[in-house]
Amino acid sequence: MIDIDKWKEIIITLQKNKVRTFFTAFGVFWGIFMLIIMLGSGNGLQNAVFQNMGDFSTNSCFMWTQQTTVSYKGFPRGRFFRFNNGDTKALLQNIPELKELSPRLQGFGGDGANNAVRNEKTGAFTIFGDYPAWNRIDPIKITSGRFINNFDIKDNRKVVVIGKRVVEVLFNPDENPINEYIKINGVYFKVVGVFKSKKNGQQAEREEQNIHMPFTTLQRIYNFGEDVGWYAMTAQDNVPVEIVEQKAREILKKRHSIAPEDERAVGGFNVAKEFKKMRGLFAGINGLIWIVGIGTLLAGVIGVSNIMLVIVKERTKEIGIQRAIGATPFNVILQIINEAVFLTSIAGSLGLIAGFWLVELINFLLESSGSNGEMFKNPEVDFRIAMSALIILILSGVFAGLIPAKRAVSIKPIDALRTE
Amino acid sequence: MIELKGLHKSYITGTNKLHVLKGLDMLIEQGELVSIMGSSGSGKSTLLNVLGILDSYDQGFYKLNNTLMSNLSEKKAAQYRNNMLGFVFQSFNLISFKNAMENVALPLYYQGVSRKKRNSIALEYLEKMGLKDWAEHMPNELSGGQKQRVAIARAMISKPKVILADEPTGALDTKTSLEVMDLFREINKDGITMIIVTHEKDISEKTDRIIHLRDGIIESEFISKN
């Protein structure tokens with residue numbers, strides 16, 4: 001029953017104790033405000049970290065060669081070895097769980113020395129030999145042209161896909177790099193694609209200085225023969241990458257006569273494991289935020305409950321009168337809970353709005369200053385979280401009203417009337 | 001209308017047991033104007049509370065309008081109070097932040113009557129009390145007599161069978177007291193049973209029947225000269 005009387009009564013009773021009402025409401029306001037700010041910050045941190053990974057396949061791992069540590073089959077320990085094209089074939093044939101396999105090579109000369117030339121312009125870039133699969137493991141955004149394809153691999157085509165930064169260094173702003181030629185290590189390559197990073201901050205800057213060429217081409221140009229630098233692989237969906245990793249290790253060890261117990265010979269990095277750790281970390285941070293936030297909120301709610309208790313005590317006689325003239329206990333409980341919910345809802349909504357506003361302001365300032373990226377990105381609070389905060393708020397309002405309400409009806413009307 | 005038989009009531013405070021009502025028998029017919037007299041401690045307030053279903057009793061029975069009042073839930077008791085009883089108190093017991101009209105209308109609020117309707121009914125009753133011009137005034141802007149008349153209007157608005165008045169003139173001067181008593185007689189003429197608790201002789205003399213309580217039993221009872 002919505003009734004002006006009820007609301008009038010609520011407002012009047014709260015107005016009678018302006019200072020106390022204010023401080024109590026402030027408790028709830030602050031609780032919600034902090035919760036929103038902390039959730040927003042947590043999200044900002046998380047967004048930034050996950051954005052740093054771009055669209056990287058998380059169910060993936062890397063594998064490279066190191067020195068053997070166990071002597072085996074007549075070979076001494078401390079032996080160096082290299083993966084080769086035969087390994088690639090063996091891996092593809094023997095691991096059904098494998099989704100993508102990308103052998104990679106890096107062209108030397110990338111460490112500071114200028115290795116790419118176009119007319120009078122030169123630059124030092126990182127040069128990778130890649131299969132098309134690479135762009136499905138760690139995707140980049142092709143802004144024009146294309147990525148390396150299977151024909152490039154088969155025909156050892158002298159084509160390159162270059163990053164945004166490479167274009168900026170080697171080309172004039174008004175030039176279209178597609179189908180132009182650049183010289184790498186004394187050999188001319190046709191530019192077939194330009195890309196942008198999907199990551200942000202330093203990661204993106206580094207990635208946009210890359211030059212990708214067909215893996216087979218790089219093997220020839222740099223005289224790698226059959227060598228493979230390292231492997232990147234992803235597992236089929238629903239298969240943990242650990243299985244692929246383990247099988248690949250076994251195959252590679254066997255092919256290179258490495259002792260099965262030698263754990264160090266084949267180096268590896270399991271992205272899924274690291275990713276899980278990070279997810280766990282953020283789940284932990286989020287959990288902490290909720291615990292602290294709800295704790296703060298609870299303190300505010302207890303404050304409301306307290307003030308309601310005092311109000312009920314002050315109004316004992318009035319409640320007695322109301323009950324004498326026909327108010328049921330339910331009427332009384334409803335009225336007190338209404339007051340509590342009213343107080344918490346108003347204060348909480350204000351906190352919600354203020355929190356949102358601040359988070360949006362931070363977001364706006366970050367974006368307009370251009371520093372949005374590495375440590376903090378889009379510190380937003382989504383609608384679902386706001387709704388759950390609101391529900392918590394109203395529930396806590398009911399909770400805050402329940403104890404005083406129970407107290408109010410536990411006093412017999414006759415005792416209530418006698419209080420002066 | 002009201003029937004009491006062997007009514008006992010005692011209060012337990014700590015280890016002490018205070019036996020207040022010691023077997024009361026009473027029969028009040030509809031339309032009677034009765035006063036209950038007694039010195040303090042005679043049990044008259046306790047009796048009024050039992051009659052008003054504000055308090056329970058230990059033994060015997062209490063029938064109001066032929067309905068047994070025992071073991072009532074708070075909700076049921078509130079409904080009976082709302083429908084059958086009207087209360088007038090010594091200290092008026094108006095709600096301080098509601099104006100006269102809203103105070104009068106309050107019992108109808110608990111019956112679920114719409115605000116507009118109950119306020120217009122409240123105005124009618126205030127008019128009967130000669131307080132129409134004071135409808136928008138807050139209780140603290142009214143004199144004692146005016147407050148009591150507002151309280152009486154509030155007691156009457158739910159058209160009760162019985163009006164219970166607890167020292168209704170205790171806080172009023174003689175002249176206003178007599179006015180209030182005249183008002184009660186007026187209301188009584190419409191067939192509403194009135195029970196007035198008082199310790200003032202001249203007030204009780206304005207009623208039709210006087211019941212004297214002493215130490216929890218009816219000491220004497222006689223028909224007034226009126």
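Approximating the spin labels as points 7 Å out from Cα along Cα→Cβ, the B:HIS199-to-B:LYS5 distance works out to 3.3 nm.
Take A:ARG20: with every protein chain present and a 1.4 Å probe, its accessible area is about 90 Å². Ordering of A:259-268, B:99-108 by packing is B:99-108, A:259-268, highest average first (other Cβ atoms within 10 Å, averaged per residue). Against chain B, whose longest principal axis comes from its Cα atoms, helix B:100-110 is set at around 60 degrees. Spacing of the modelled spin labels on A:ILE251 and B:PHE61, each 7 Å from Cα toward Cβ, amounts to 9.5 nm. Taking a ≥ b ≥ c as the square roots of the Cα gyration tensor eigenvalues, region A:285-420 comes out prolate, since a/c reaches at least 1.5 and a/b is larger than b/c. Based on C-alpha pairs under 8 angstrom that are at least 6 apart in sequence, chain A has a relative contact order of 28 percent. Relative contact order of region B:2-223: 31 percent, from C-alpha pairs under 8 Å at least 6 residues apart in sequence. Over chain A, dividing the summed -39,500 (n - 2.57) contributions of all DSSP H runs of at least 4 residues by the number of residues returns a 222 nm mean residue ellipticity of -18000 deg cm²/dmol.
Buried accessible surface for the A/B chain pair comes to about 2500 Å², total over both chains, computed with a 1.4 Å probe.
Under 13 Å of direct C-alpha separation, and excluding same-chain neighbours fewer than eight residues apart, A:LYS412 reaches these aspartates and glutamates: A:GLU318, B:ASP55, B:GLU74. For the peptides B:45-57, B:71-83, residues were scored by their other Cβ atoms within 10 Å and the scores averaged per peptide; the highest-first order is B:45-57, B:71-83.
Of the listed residues A:TRP7, A:TRP134, the order by accessible area with a 1.4 Å probe, largest first, is A:TRP7, A:TRP134. Across peptide A:8-21, the average count of Cβ atoms from other chains found within 10 Å of a residue's Cβ is 1. Of all lysines in the structure, the ones whose alpha carbon falls short of 29 Å from that of A:LYS158, not counting any fewer than 8 places away in one chain, are A:LYS89, A:LYS99, A:LYS121, A:LYS141, A:LYS183, A:LYS190, A:LYS196, A:LYS198, A:LYS199. Modelled label positions at A:ASN156 and A:ASN238, each set 7 Å beyond Cα in the direction of Cβ, lie 4.3 nm from each other. Overall, the accessible surface of chain A at a probe of 1.4 angstrom is composed of carbon and sulfur to the extent of 59 percent. The simple Förster model, with R0 at 41 Å and r as the Cβ-Cβ distance, assigns B:ASN83 and A:LEU361 a FRET efficiency of 0.10. Legend: mean number of C-beta atoms from other chains within 10 angstrom of residue C-beta atoms, peptide B:48-60, equals 2.
With R₀ set to 22 Å, the beta-carbon distance separating B:SER91 from B:ILE12 gives a calculated FRET efficiency near 0.25.
If the cut-off is 18 Å between C-alpha atoms, which lysines fall inside it for B:LYS132, apart from same-chain ones fewer than 8 positions away? Correct list for B:LYS132: B:LYS98, B:LYS116, B:LYS117, B:LYS147.
The slack in the chain from A:GLU120 to A:LYS277, taken as 0.36 nm per residue of separation less the alpha-carbon distance, amounts to 51.7 nm. Of the residues A:ILE37, A:ILE258, B:ALA171, the one whose Cα sits farthest toward the positive end of the charge dipole of the protein assembly as shown, with +1 on the Cβ of Lys and Arg and -1 on the Cβ of Asp and Glu, is A:ILE258. A Förster radius of 60 Å, combined with the Cβ-Cβ distance separating A:THR143 from A:PHE75, puts the computed FRET efficiency at roughly 0.80. In chain B, the longest principal axis of the Cα atoms and the axis of helix B:74-84 are about 70 degrees apart.
Could you work out how far the C-alpha centroid of region A:188-222 sits from that of region A:150-169, in angstrom? Here the two parts' Cα centres lie 7 Å apart.
Accessible area of B:PHE61 (1.4 Å probe, protein heavy atoms only, ligands and nucleic acids ignored): about 60 Å². Screening chain A for whole DSSP H helices of 20 Å or more along their axis (Cα) with average Kyte-Doolittle hydropathy at least 0.0 returns A:18-51, A:271-314, A:329-369, A:383-410. Peptide B:74-82 is shielded by partner chain Cβ atoms: per residue, an average of 5 of them sit within 10 Å of its Cβ.
The values are calculated or read from the model by the stated rules, or taken from the named source; none is laboratory data. This is a predicted model, so every value here is computed, not measured. Neighbour counts are summed over all protein chains in view; Cβ atoms, including those assigned to glycine, are modelled from backbone coordinates with ideal geometry. Just so you know, the surface numbers come from the protein's heavy atoms only, side chains and all, with ligands and any DNA or RNA stripped out. Shrake-Rupley method; radii C 1.70, N 1.55, O 1.52, S 1.80 Å.
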